[in-house]
Every structure is written in C-alpha cells, then in structure tokens.
1. For residue 76, go through the aspartates and glutamates and keep the ones whose alpha-carbon is under 17 Å away, minus same-chain ones fewer than eight residues off.
2. Using the crude model of +1 on Lys and Arg Cβ and -1 on Asp and Glu Cβ, and no other charge, please compute the dipole size for the chain relative to its Cα centre, in debye to 20.
3. Restricting to region 5-264, compute how many DSSP beta bridges are antiparallel as a %, nearest 5.
4. Where does region 175-234 land on the Kirkwood hydrodynamic radius, alpha-carbon pairs, in angstrom?
5. At 7 Å along the Cα-to-beta-carbon direction for both residue 105 and residue 393, put a label point, then send me their distance in nm to one decimal.
6. Enter the angle in degrees (range 0 to 90, nearest 10) between the Cα long axis of helix 250-276 and the first principal axis of the Cα atoms of the chain, meaning the one along which they spread out most.
7. Given q = 0.14 Å⁻¹, what are the Debye log10 I(q)/I(0) values for region 19-148, with equal point scatterers placed on the Cα positions and solvent ignored?
8. Can you list residues from other chains, or at least 5 along the same chain, whose modelled amide H is less than 5 Å from the amide H of residue 83?
Amino acid sequence: MCTNPRDRFQALFGKSPEEAKFFWTGGPVEVAERTTFASLFSGVTAFDTEEGLVLVDSGLRQFAPTLASFVRQQSKAPVHTALYTHGHVDHAFGLAAFLLPDQASPRVIAHRNVVARFERYERTPRHNAALNERQFDGSMPAEREVFDTFGFPEYPPTVLFEDTLAFEVGGVRFEVRHARGETDDHAWLFCPSRGVLCPGDLLIWGVPNAGNPQKAQRYPWDWARALRDMAALEPSSICPGHGGPVIDDPALCRTMLTETAEFLETIVERTLALLEDGSPPHVDIVRRLELPRSDAPWLQPVYDEAEFIARNVIRFYGGWYTGRPSELKPSPRAELAAEIVALAGGIEPVLARIASLLESGDHALASHLADYALEAAPTAEAVRQAVAHVYERRAAAESSLMTVNLYRAAAAYATAGRPFA
Ligand SMILES: [Zn+2]
C-alpha cells in the first residue's frame with residue numbers, strides 16, 4: 001500500500017488530488033457498506049438502513065435532483081432522517097428532491113442556531129443574493145439572477161440540538177456534534193459502525209472557508225478543535241462538504257484532519273501574537289503576518305485563503321476599527337478621491353500611474369489608485385475601462401474562488417461606473 005497521501009489518492013480515485021479537490025463532482029460512490037456519497041458543488045451522503053435513509057445535507061436546490069438521482073441509483077428507501085450540517089444555501093435547501101412521492105415528511109435535524117440564520121436570510125434577502133453573486137458569479141447584483149432570495153428552507157428542521165445528539169435508525173447509531181467553524185450553526189456526524197465521518201464544510205479540500213470577506217464571523221480556533229475531535233474518532237472514510245470522498249483510508253483521514261487543524265491553529269496564534277505586539281492597524285498585521293503554506297492537496301487556496309482567515313481573527317478580537325485615525329469617521333470617499341486626483345494634477349496622470357504600476361507588477365498599489373479614479377470620475381469611460389482592466393488583471397493573477405470573483409465583480413462594477421463601495 002502507498003503511504004504518500006498523493007500516491008494513495010491517485011490509487012484510490014485514478015486521478016490526481018489536484019483534479020479531485022474542491023470542485024470534485026461525481027457519484028454515486030460507495031464509501032462504506034450501504035453508504036453512498038455524491039457531490040455536485042456540495043456533497044450529500046446517504047446511509048441506507050432497515051428503516052430508511054439517513055441523509056446528510058441536501059445540496060443546492062437547483063442541483064438536488066441530480067444528487068438525488070445518484071442516491072436513488074443505490075437505494076429506493078424513503079428518507080427517514082436528514083441532517084443539515086449548517087444552514088447555507090448549498091446544504092439545507094434541496095431536501096424535497098430526495099423524498100419519495102408517497103413518503104411521510106422526514107425528521108430533520110440541525111443545530112439550534114440555524115433558525116437565527118434563516119431569520120437573517122429573511123431580513124436581508126437582497127443583500128444575500130448580491131454578495132453571493134459577487135462571490136460565486138463574479139458579477140454585479142441584478143446583472144442576472146443566479147441566486148434565489150431565500151429565508152427558511154421548504155423543509156425546516158424538526159429537531160434542534162445544542163451540543164451533541166446521538167440517534168439510531170434501523171439499528172445503526174449516529175453521533176452528531178456541534179462546533180463553531182465556518183458558521184455558528186455547524187454540525188458534524190460520525191457513524192461508528194461504518195467508520196464514516198461527515199464533517200460538513202469543516203473539511204472541503206481546500207484552505208478552510210474561515211476568512212470569507214463578505215460573510216458573518218467565522219471561528220478558526222473552534223474549527224481546529226473540532227477537526228482534532230474528529231481525528232480522535234479514527235474515521236476510515238470522509239464525506240466532505242465539498243470535494244471528493246476519502247474511502248477506507250484511516251491514515252489519510254487522520255492526516256487531512258490534523259494538518260488542517262494545525263494550519264488554522266498556526267494562523268490564529270501568529271495573528272494574536274501580532275495583535276499583542278503593539279496592537280497595530282489591521283492591514284499592517286496582515287502584511288507582517290507569515291502565513292502557513294502547505295503542499296497538501298487539501299490545503300490549497302482554491303476557495304478561501306489564509307490571509308482572509310487572519311482578518312477574521314482580527315475582527316473577532318479587534319472590532320471593525322482599522323486603527324487608522326482617518327478611518328474612524330472618514331470623509332465621503334468621493335470627496336477624498338477628488339482631493340487625491342486634484343493633488344495628482346488631474347485624472348490623466350492618475351490613469352498613467354495606474355498603467356505603469358500595472359506594468360511593473362504592483363497590482364495592489366494600482367488598485368488603490370484605481371479606486372480613487374473611479375470614485376472621483378465614475379462617469380468617464382476611460383476611467384471605467386482602466387479600472388475594469390486593473391481588476392481583470394488582478395482576478396487573472398489569483399487562485400481562490402472568492403478573490404477571483406470579488407475582483408471580477410469589481411471589474412463589473414467599474415464597467416458600469418459604480419464604485420464598489
Ligand atoms: Zn458549503
């Protein structure tokens with residue numbers, strides 16, 4: 001047997017880990033006895049029992065029929081119990097597609113905080129649709145409808161739990177635990193008799209989504225602890241929230257869980273050490289931080305990235321004040337931008353400087369000037385094009401989905417003459 005995780009992965013799946021990471025799509029895959037996994041953007045696991053299916057997650061509503069067809073290739077049993085690992089749109093909104101036409105409504109388990117999440121969705125449906133379009137489509141809101149507005153799912157939870165929950169279906173025992181991580185409503189499931197771990201989005205074949213620039217607070221320290229709790233259970237298979245499964249390989253399961261925990265712990269410790277060292281402005285902390293890097297295929301920045309995780313640590317411990325006095329009660333950006341452009345001698349020298357900074361590879365500095373240019377002259381076609389070009393270049397130079405799409409969205413805003421502010 002190969003001991004190198006990459007070789008082992010290759011042997012298991014017949015493809016490289018790079019091909020199989022975050023965006024792995026496929027199914028049905030039998031990960032253990034009577035246990036099926038399938039993924040289309042997000043993953044779904046079905047445990048077949050004598051009393052019916054125990055389903056973990058349900059996919060995006062628009063992808064759920066395909067995921068359900070994968071599951072139904074393996075079992076025609078009704079859904080007895082569903083668990084939502086958290087209330088995100090790609091996990092808790094597709095259950096209807098998995099139900100048999102004549103079956104009773106299943107029991108639906110979730111952590112009690114999902115209710116507050118769905119209430120937030122009801123309170124801010126347009127904001128949520130807009131940020132998801134920026135994150136997943138790299139577009140400006142209302143350019144085209146990608147995400148439905150949503151509040152509660154069609155099948156809301158019927159059983160809410162606080163810390164832990166154990167249950168049996170058809171003689172098979174399932175253990176569910178809560179952990180704050182990507183969300184404050186996260187649950188993960190372990191089936192001891194089959195050795196299968198369903199970590200939800202606490203494991204996604206990429207740098208953990210613990211930094212997301214547009215979303216609510218994340219908890220990388222609790223997340224790391226949960227990953228170590230999972231490793232202690234010694235699972236042999238993992239059915240992740242995103243990406244391909246690990247099948248019958250306890251060593252790979254342990255390595256993925258513990259390396260991801262260590263990655264998060266390192267970011268948290270180093271960020272706190274810098275906060276303690278003079279409480280510098282936020283952006284200075286981020287610039288001074290030595291971020292961990294890994295060659296492991298499960299720790300590549302395909303979706304989120306380490307720098308943003310540090311930002312979330314700073315936000316939790318430090319509030320929203322950046323540390324720059326002018327940003328405590330700032331002037332309107334358009335006024336500041338007009339001032340900068342006037343000092344530069346007009347918009348032309350600013351555009352010229354943006355072009356030369358881009359040429360020399362300093363995309364970050366070019367972006368600051370681009371923002372001022374657009375805010376000072378949003379109706380000027382040359383400015384719109386120049387700024388859109390800056391952010392298209394930045395998108396092309398990045399690897400994480402969030403960064404790429406936020407820059408693509410910034411280009412779309414610039415093209416429309418709408419400062420991304
Ligand atoms: Zn997800």
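None of the figures in this text is laboratory data; all of them are computed from the coordinates on show. Predicted, not measured: the structure shown is a model, and the values here were computed from it. We place every Cβ from the backbone using ideal geometry, glycine too, and count neighbours over all the protein chains shown.
1. Once the sequence-local aspartates and glutamates are set aside, what remains near residue 76 is 30, 33, 48, 50, 51, 102.
2. 420
3. Looking only at bridges with both residues in region 5-264, the antiparallel portion is about 70 percent.
4. 11.9
5. The two pseudo-label positions are separated by 5.6 nm.
6. Relative to the chain, helix 250-276 is tipped by roughly 30 degrees.
7. For region 19-148 at q = 0.14 Å⁻¹, log10 I(q)/I(0) is -0.67.
8. Under 5 Å from the amide H of residue 83: 55, 56, 57, 109.
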